[in-house]
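Quick notes on the structure that follows.
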Amino acid sequence: MNLHNIVSGAIGTINPFVEVTLKRSTGYATAADGKRTPDYSESGETVQVQALSAAELQQLDGLNIQGVLRKAYLNGDWRGVYRRDNQGGDLFVFALADSVPQSLQGTTWKVVQVMETWADWCALAIQLQMD
């Protein structure tokens, strides 16, 4: 049962879902000189961005994850670093659009921690990246 889908309509009236381009890491391309460049597959998703609770901020601080942090809820099984499958480093890219809150427009955020993961949805800690 996808509880996220059940409550998302009610929550969305207060904190709307926004469109984002999710860049899922697919590994690296290695150049002849040995330089590695990350590769991504892109998909359009809708996410809900919220502030982190004090306990969540404390948890991330204990992991030495600092900076501008938010929590993103979305459908699917997304991950932070998952070394066994060579995954990690997924990015959220918010558009310059009226439907996106001003504070998120044109910004890129990296998944730094999975806060909750269920069969159909997850909550991720994301960190603002300085492009």
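Summed over the range 57-75, residues that are modelled with pLDDT of 90 or more and of a type in the set (Asp, Glu) total 0. Among the residues of the range 47-56, write down those that are under 23 Å from residue 95 (Cα atoms) and either at pLDDT below 90 or not in a strand (DSSP E or B) (or both). Listed by number, the residues that qualify are 51, 52. When each of 13, 30 is tested for being β-branched (Val, Ile, Thr), more than 21 Å from residue 129 (Cβ to Cβ), surrounded by fewer than 12 Cβ atoms within 10 Å (Cβ to Cβ) and modelled with pLDDT of 85 or more, the lone residue that passes is 30.
The values are calculated or read from the model by the stated rules, or taken from the named source; none is laboratory data. All figures in this text were calculated on a predicted structure; none of them were measured in a lab. Methodologically, a virtual Cβ is constructed for each residue, glycine included, from the backbone with ideal geometry; neighbour enumeration extends over all protein chains shown.
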